[in-house]
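**Q** Quick one: the structure is below, and I'll ask about it shortly.
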Amino acid sequence: MGRHRTGHAPSEVRDPLFGSGIRASMGRLKHEGAGVRTGFLSMARELPGLVAVTVRLARRAAPRDLLVVLVAELLSGVATVVTLMATYRVLVPLMTGGPSAERLASAVPALLVVGGAAAAGSLARAAGKAAVSRLGPTIERLAYTRLLRLAAGAELAALESPGFHNLLEAARQGTRAARLVIAQAAQLLAGLSTLLAVGTVLGVLHPLLLPLLLATVLPKGWSAVRSARARFVSAQRNMELSRQLEVLSGLLTGRDVAPEVRAHAAGDFLLGHYDRLSAVAEAEQARLGRDEARLALAGDAVSGAAGVLTYVTLGLLLTAGTIPLAVAGAAVIAIRTAKAGLISLVMSINQVYEQGLYVLEWERACDEAARHQMSSGPVPLPGHPVEIRADDLTFVYPGQSRPALAHADVVIRPGEIVAFVGANGSGKSTMAKLLAGLYLPTSGRVTWGGVPIERLNRRSVFDRVALVAQDFARWPATARVNLTLGHPEGGDRERLWRAAVASGADAVVAGLPDGWETLLAREFMGGTELSGGQWQRVGLGRAWFRDAPVLVFDEPTSALDPEAEIEIFDQVAGLATRGHTVILVTHRLASVARADRVYVFAGGRIVEHGRHEELMRAGGAYATMYGLQAAQYAPADT
Ligand SMILES: Nc1ncnc2c1ncn2[C@@H]1O[C@H](COP(=O)(O)OP(=O)(O)OP(=O)(O)O)[C@@H](O)[C@H]1O
Ligand SMILES: [Mg+2]
């Protein structure tokens, strides 16, 4: 059906905003996503496995509630059998000889059983429902926190891969889906037990009625599962498209880009893209809807034909005198009961199947994140400062073809100030992150005290480094948390004060309405916003507060005023005299003169290294850059 259509499939979209992004990711998804199986038997075989994932989660979340759900649904099934059998008992005496006071009286016990069983069934269903509503949110929380924990502990490189992000998005839906699966699985169990009950009753009444009932059930089940699978596959294929739509709506409503959206009059441009992309998504929805309607029609047709056949058979059996009228009456009631159960069964199969596939993606994402957990070797760092080296280091970012760093060598001895300089995109920040243990080398080695980073306990490495990244984070939290982040000893006022003075954050905090307790997030009530330079002072303060033996500053003064810049470079020089090791990435070459060694990066390679004076004498790339910068400050010719 839908597979043969050649309409405006999303895989063919080359968007003017996102370029070939969609197409590229589509190619990967086909291989990465759940295999597209549409055979009924293979899908039916999948169903128990899909439910099992959620049941395992439920067993861990709240085993007692799970038991209640199971028992309740079984009881409700038993109640249906008893109700049907007792109805049959009531009907037989009434229909065999016509109603009379005596026959009515003899039917009373069976009627009581009907009432009792129906009440018991209702009670069981109510208990099951209550247990499901307790179980659902617990499962969702458990699934989500597991995903968050694994994602937070994953290797940085894993989080840079778009494939992993698509998987994470599906997994996020999977945590919500787990809640639906448990509710729908309970319904499915109830539907199945009704069918089982009706099947038993029909089997007892006449064996021929049983296969006919199955013939009315299976086609509907088939169309439900096919539709669910088609919806899931489509959602997987369109994951990137959905994420891009989300990015666009974020751009249109977000605070960070709001000034540029207005100043560049980009609103219409973005809206146009939003319309175009959502038209693709809508077309896909419409296609799915058409296919689903066709499938449902086919299922209904076969089911309906089987239903007619059932009644014809019943009539033939009746006229042939094979079954008495009472049995036929009970059979009709049983079939009608089955129909009601059937509708809810089909709906829950549909839901369990579709949502179960998302839960499977959640499990896959957890496995994937678990495989990419930050590795940590057995060797702890010694207590004293050690030499940090990069030897023949090459690094390729995940999913990229060109190396960001190629065959680079760097040596940083304890207590040294080492500077990285070079053009934009030459690999300085990448090198800084590799030395800090945030990425692992593609080839070559990074060593601390002669031990390769892979063999070292990563935590002990992170504990030694304070990194002020070029794109340092602006935490939506109080000023205090922004400086002391993740370190509960933030209560140490003396240390906080020293860090604030060194970074110039003290002046920033002095101007805040609630001082250290001011929330630095404008999007929340009572929040306030800092200027770019003020944020940079806070980011620097965070590094000073860590008081780590190794400090990495990546463009630490890009937003600072001249006075603050000079102050920061003085502070950095002071750090080295107090035994700290400093890696300084900067374009301000005047600040590099004090460094023990300067590495000059170009196109991912290190082209020169040495002291400022040596590099000036050599007259190479460094001397040229320095000359250009110095010329800007030379007195103008008059
Ligand atoms: N997260 C990333 N994923 C993929 N490629 C990246 C990533 N970060 C950087 N790159 C690429 O790696 C190369 C080196 O980037 P890097 O950030 O190390 O340069 P840099 O020397 O710090 O530049 P700048 O002076 O602009 O800060 C660039 O070509 C860049 O496009
Ligand atoms: Mg950089």
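The values are calculated or read from the model by the stated rules, or taken from the named source; none is laboratory data. What you see is a predicted model, and the numbers here were worked out from it, not measured in a lab. When we count neighbours, we look across all protein chains shown, and the Cβ atoms used for this are built from the backbone with ideal geometry, even at glycine. The protein model used for the area step is the full one, side chains on, heavy atoms only, and it has no ligands, DNA or RNA in it. Shrake-Rupley method; radii C 1.70, N 1.55, O 1.52, S 1.80 Å.
**Q** Any residue at all in the stretch 559-582 that's open to solvent by less than 10 Å² (accessible area, probe 1.4 Å), at pLDDT 95 or above and closer than 26 Å to Gly422 by Cα?
**A** There is at least one residue in the stretch 559-582 that is open to solvent by less than 10 Å² (accessible area, probe 1.4 Å), at pLDDT 95 or above and closer than 26 Å to Gly422 by Cα.
**Q** From the list Arg495, Arg455, which residue is within 23 Å of Thr581 (Cβ to Cβ), away from ligand 2 (no atom under 16 Å from the Cβ) and in contact with an Asp or Glu (Cβ under 9 Å, 6 or more places away or on another chain)?
**A** Exactly one residue qualifies, and that residue is Arg495.
**Q** Do we find a residue being in the same structural domain as Ala365 (by the TED database), open to solvent by 40 Å² or more (accessible area, probe 1.4 Å) and out of contact with any helix residue (DSSP H, G or I) (no Cβ under 6 Å at 6 or more places or on another chain) anywhere in the stretch 180-192?
**A** yes
**Q** Here are some conditions: (1) within 30 Å of Ala505 (Cα to Cα); (2) of a type outside the set (Gly, Ala, Ser); (3) more than 11 Å from ligand 2 (Cβ to nearest atom). Gln470 meets all but one. Which one does it not meet?
**A** Evaluating Gln470 over (1) within 30 Å of Ala505 (Cα to Cα); (2) of a type outside the set (Gly, Ala, Ser); (3) more than 11 Å from ligand 2 (Cβ to nearest atom) leaves (3) as the failure.
**Q** For the stretch 205-267, which helices (runs of 4 or more DSSP H) that fit wholly inside it have 3 or more residues that are open to solvent by less than 20 Å² (accessible area, probe 1.4 Å) and at negative phi? Walk me through it before giving the result.
**A** Details: elements: 209-237, 239-253, 258-263.
Here the list reads 209-237, 239-253.
**Q** For the stretch 588-612, give me the residue count where each residue is in contact with a strand residue (DSSP E or B) (Cβ under 7 Å, 6 or more places away or on another chain), open to solvent by 10 Å² or more (accessible area, probe 1.4 Å) and not aliphatic (A, V, I, L, M).
**A** Final tally of qualifying residues: 8.
**Q** Right, something else. Checking Tyr633 against (1) in contact (Cβ under 8 Å) with a residue 24 or more places away in the chain; (2) more than 30 Å from Trp475 (Cβ to Cβ): exactly one of these is not met. Which one?
**A** Against the list (1) in contact (Cβ under 8 Å) with a residue 24 or more places away in the chain; (2) more than 30 Å from Trp475 (Cβ to Cβ), Tyr633 comes up short only on (1).
**Q** Among all residue pairs at least 6 apart or on different chains, which show Cβ distances below 6 Å where the first residue, located in the stretch 403-418, is surrounded by fewer than 22 Cβ atoms within 10 Å (Cβ to Cβ) and the second is of a type in the set (D, E, K, R) and not in a strand (DSSP E or B)?
**A** So the pair list comes out as Arg413/Glu387; Glu416/Asp596.
**Q** While we're here: Given the conditions (1) closer than 19 Å to Val465 by Cβ; (2) surrounded by fewer than 17 Cβ atoms within 10 Å (Cβ to Cβ), and given that Arg522 satisfies all but one, which numbered condition is not satisfied?
**A** (1)
**Q** Is there a residue in the stretch 534-554 that is modelled with pLDDT under 95, assigned to a loop (DSSP other than H, G, I, E, B) and either open to solvent by 60 Å² or more (accessible area, probe 1.4 Å) or aliphatic (A, V, I, L, M) (or both)?
**A** Looking through the stretch 534-554, at least one residue is modelled with pLDDT under 95, assigned to a loop (DSSP other than H, G, I, E, B) and either open to solvent by 60 Å² or more (accessible area, probe 1.4 Å) or aliphatic (A, V, I, L, M) (or both).
**Q** Let me ask another. Using beta carbons and a limit of 6 Å, which pairs, at least six apart or on different chains, have the first residue in the stretch 213-230 and over 16 Å from Ala340 (Cβ atoms) and the second one among the hydroxyl-bearing types (Ser, Thr, Tyr)?
**A** Pairs that qualify, where the first residue is over 16 Å from Ala340 (Cβ atoms) and the partner is among the hydroxyl-bearing types (Ser, Thr, Tyr), are Pro219/Ser303; Val225/Tyr353; Ala228/Tyr353.
**Q** Ok, one more. If you check Leu317 against the conditions, is it in contact (Cβ under 8 Å) with a residue 24 or more places away in the chain and closer than 30 Å to Ala185 by Cβ? Can you show your working first?
**A** On the way: in contact (Cβ under 8 Å) with a residue 24 or more places away in the chain: yes; closer than 30 Å to Ala185 by Cβ: no.
So Leu317 does not fit the description; no.
Here's the yes/no breakdown for (1) surrounded by fewer than 18 Cβ atoms within 10 Å (Cβ to Cβ); (2) assigned by the TED database to the domain that holds Ala365; (3) modelled with pLDDT under 85; (4) in a helix (DSSP H, G or I):
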site	(1), (2), (3), (4)
Pro48	yes, yes, no, yes
Val69	no, yes, no, yes
Val90	no, yes, yes, yes
Glu102	yes, yes, yes, yes
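**Q** Give the stretch 542-567 a look and list any residue that's away from ligand 1 (no atom under 16 Å from the Cβ) and closer than 18 Å to Ser429 by Cβ, or say none.
**A** Matches in the stretch 542-567: Arg542, Ala543, Val550, Leu551.
**Q** Among the residues of the stretch 356-378, count how many are in contact with a Phe, Trp or Tyr (Cβ under 9 Å, 6 or more places away or on another chain) and either closer than 24 Å to Ile412 by Cβ or open to solvent by 20 Å² or more (accessible area, probe 1.4 Å) (or both).
**A** 2
**Q** Would it be correct to say that Glu614 is within 24 Å of Ala499 (Cα to Cα) and not in a strand (DSSP E or B)?
**A** no
**Q** Residue check: is Gly399 within 16 Å of ligand 1 (Cβ to nearest atom), open to solvent by 20 Å² or more (accessible area, probe 1.4 Å) and under 26 Å from Thr557 (Cα atoms)? Give the derivation first.
**A** Values: within 16 Å of ligand 1 (Cβ to nearest atom): yes; open to solvent by 20 Å² or more (accessible area, probe 1.4 Å): yes; under 26 Å from Thr557 (Cα atoms): no.
Spelling it out, it is not the case that Gly399 is within 16 Å of ligand 1 (Cβ to nearest atom), open to solvent by 20 Å² or more (accessible area, probe 1.4 Å) and under 26 Å from Thr557 (Cα atoms).
**Q** Within the stretch 583-638, how many residues turn out to be among the charged types (D, E, K, R), farther than 25 Å from Ala469 by Cα and at pLDDT below 95? Working first, answer last.
**A** Taking the stretch 583-638 as the starting set, the residues that turn out to be among the charged types (D, E, K, R) are 588, 594, 596-597, 605, 608, 611, 613-614, 617, 637.
From what's left, farther than 25 Å from Ala469 by Cα: 613-614, 617, 637.
Within this subset, residues satisfying the condition of being at pLDDT below 95 are 637.
Count: 1.
**Q** Of the numbered conditions (1) touching a Lys or Arg at 6+ places or on another chain (Cβ under 7 Å); (2) modelled with pLDDT of 85 or more, Val346 fails exactly one; give the number of that condition.
**A** Result: Val346 fails condition (2) only.
**Q** What number of residues within the stretch 289-312 satisfy the criterion of being under 20 Å from Gly199 (Cα atoms), open to solvent by less than 20 Å² (accessible area, probe 1.4 Å) and not small (Gly, Ala, Ser)?
**A** Total meeting the criteria: 1.
**Q** Would you be able to tell me the number of residues in the stretch 391-427 that are part of a strand (DSSP E or B) and away from ligand 2 (no atom under 16 Å from the Cβ)?
**A** Summing the residues that are part of a strand (DSSP E or B) and away from ligand 2 (no atom under 16 Å from the Cβ) in the stretch 391-427 gives 10.
**Q** Now, a different point. Can you tell me which residue among Glu529, Glu565 is part of a helix (DSSP H, G or I) and either of a type outside the set (A, V, I, L, M) or within 16 Å of ligand 2 (Cβ to nearest atom) (or both)?
**A** The match here is Glu565.
**Q** Would you confirm, using the coordinates I've provided, whether Val461 is open to solvent by less than 50 Å² (accessible area, probe 1.4 Å) and away from ligand 2 (no atom under 16 Å from the Cβ)?
**A** Yes.
**Q** Related question: Does Gly383 satisfy the criteria of being on the phi > 0 side of the Ramachandran plot and either at pLDDT below 90 or open to solvent by less than 50 Å² (accessible area, probe 1.4 Å) (or both)? Can you show your working first?
**A** Working: on the phi > 0 side of the Ramachandran plot: no; either at pLDDT below 90 or open to solvent by less than 50 Å² (accessible area, probe 1.4 Å) (or both): yes.
Spelling it out, it is not the case that Gly383 is on the phi > 0 side of the Ramachandran plot and either at pLDDT below 90 or open to solvent by less than 50 Å² (accessible area, probe 1.4 Å) (or both).
**Q** Now for a different question. Among Ala469, Ala479, which is open to solvent by 10 Å² or more (accessible area, probe 1.4 Å) and farther than 15 Å from Arg389 by Cβ?
**A** Matching residue, one of Ala469, Ala479: Ala469.
**Q** Please go through the stretch 428-451 and give me each residue that is open to solvent by 20 Å² or more (accessible area, probe 1.4 Å) and within 16 Å of ligand 2 (Cβ to nearest atom), ordered by number.
**A** Correct list: Ser429, Lys433, Leu438.
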